[in-house]
Amino acid sequence: MEMSSDIIKDNHHYLKVCILYEVRRKKPIFDSYRNFCKTVGQDVMEYPDFEFWYYRLYHGQMDLDYDRSADPKPKTLVDIPVVLMTKITRYLDPVERTYLRSMNHAIKEVADTFPPAFEKIEITVTDSSLYWHLNNKRFSCYKEDSGCSLRKPNTLKAEKSEECHIKKSLEYLAPVLKMPNIQVNHLSLHLCEETLNRDDLLPAPFNAKSVRIYGINMNKIIQFLSAMTPGHLESISLDSTFLDRRQNFRLIFETDQFKQAKSVKLKLYRVALRVRDLAKFSHLKSFKCELISDNAFEDVPRIRDMIITFEEFKSCELIFFGGGPDGFSMGQFAGALGAEIPIGPLKEGEQLTMNLRYRIPGTNQCLKFKLKNGGYRCIVNIVKTLYHPGPKKRVRKGAPENS
């Protein structure tokens, strides 16, 4: 096969002799086709034609002038009966079904009979890249000097494009997120770049049970949060490292998504909630946030008294800043609740924590407090549980019990 490839690809007899050579090598047909294309050119013969001649020659039919015009038209994917296509589609994962939707209208209708359900979708946007995970499949698109390069799962070669990395990524990602009846257990959005518009990426409403949004702009965070289906969305986690103090983060509390959620985590650096804001959390089963107080010895009992009125409450974690240059320790927090502060050195291996119980008046339930020093702040974990009396001891009325 040392003849010039230009001469070979212009002569159908030579091409079939090359195929016969591949047959005689007794290599797998896919390896044979790759070697054939490497020798004569990538665009000389499509695989279905190579396959036809390969097996014809393999079975000893050496008529190189065989006329295929009378042969039945080869079947294609669109010729598969709908019942069989439906069975095939059932065994594909959601990502594979998205490829089917792009083939033609008939196959798209079959694919859409199976609501796409993803365990997780994770999207990260920066000024130089956009990458995303659809379950365990990773896609990435990186900005280059002139355009971008896109990498898809199970491919070694990157796809080059003159488009910007965000526009190119959206060609693949947006159709997936805008599929009818899409269901996502966990959606994660890491928005380090503000140029991405919500409507270009997500439909509204979008069915996610849990969402985590990291952003540098509160309006952008709320914009994406507002795309989630209220009521269907159960868990919210919002995170911002470079949030401007002038931005009104309390607008989160006005969204239907927050009002109908069951669990909320807020990690808004450089800003913290006041104790009065805790009333906004009264409908939640669990929450995590930072609280700041100018008068901790008054506000700590207020926190306890507010939480015992929360009917759905199960647990929370509070990062409590008591104000002042020296911060606010767990001992001060416990003292503000009226607890007795243990005196003396820690035992070997003992952690610097305190456990308190406060019985909710008129019920068989109590709040369990676990306090831990966090530098200049106090980390407070509170759990509502059944009250089980311990050994009887004299406890000041209204004061918690040390566990």
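Between Ala106 and Ser282, what length comes free when the chain is fully extended (0.36 nm per residue of separation minus the Cα-Cα distance, one decimal in nm)?
Working: separation 176, 0.36 × 176 = 63.36 nm, distance 4.95 nm.
Additional length available on full extension: 58.4 nm.
Counting other beta carbons within 10 Å of each Cβ, put Tyr14, Tyr376 in order, fewest first.
Numbers: Tyr14 17, Tyr376 13.
Listing Tyr14, Tyr376 from fewest to most nearby Cβ atoms yields Tyr376, Tyr14.
Taking the Cα centre of the chain as origin, work out the dipole magnitude from +1 charges on Lys and Arg Cβ and -1 charges on Asp and Glu Cβ, in debye rounded to 20. List each step's numbers first, then the result.
Details: 61 positive and 50 negative charges, 470 e Å.
For the chain, the charge dipole is close to 2260 debye.
Determine the percent antiparallel among the DSSP beta bridges restricted to the chain, to the nearest 5. Among the beta bridges of the chain, antiparallel pairing accounts for roughly 50 percent. Summing +1 for each Lys or Arg and -1 for each Asp or Glu among the other residues whose beta-carbon sits under 11 angstrom from that of Val184 gives 0.
Within the shell defined by Cβ-Cβ distances under 11 Å, the residues around Gln223 carry a net charge of 0, with Lys and Arg each +1 and Asp and Glu each -1. Over all Cα atoms in region 189-238, the spread is summed up by Rg and Dmax: 10.2, 29 Å.
Above 41 Å, the calculated P(r) of the chain contains 43 percent of its Cα-Cα pairs.
Greater than 24 Å separation of Cα atoms is the criterion. Which listed pairs, Lys26/Lys152; Lys259/Lys370; Lys267/Lys372; Lys108/Lys168; Lys27/Lys137, meet it? List each step's numbers first, then the result.
Values: Lys26/Lys152 32 Å; Lys259/Lys370 27 Å; Lys267/Lys372 19 Å; Lys108/Lys168 22 Å; Lys27/Lys137 31 Å.
As for pairs spanning more than 24 Å Cα to Cα, those are Lys26/Lys152; Lys259/Lys370; Lys27/Lys137.
For region 1-108, a Kirkwood radius taken over Cα pairs fed into Stokes-Einstein (25 °C, viscosity 0.890 mPa s) yields D = 150 µm²/s. Of the trypsin sites (Lys or Arg not before Pro) found in region 64-103, the ones in coil according to DSSP and having at most 11 other Cβ atoms within 10 Å of their Cβ are Lys75. The phi torsions of region 189-196, fed into the Karplus equation with coefficients 6.51, -1.76 and 1.60 and a -60° offset, translate into couplings of 10, 10, 9, 8, 10, 8, 6, 6 Hz, rounded to whole numbers, with Gly and Pro shown as x. For the peptides 36-44, 285-293, 155-163, residues were scored by their other Cβ atoms within 10 Å and the scores averaged per peptide; the highest-first order is 285-293, 36-44, 155-163.
No value in this document is a laboratory result; all are computed from the given coordinates. Keep in mind the model is a prediction, meaning the values are calculated, not measured. Methodologically, a virtual Cβ is constructed for each residue, glycine included, from the backbone with ideal geometry; neighbour enumeration extends over all protein chains shown.
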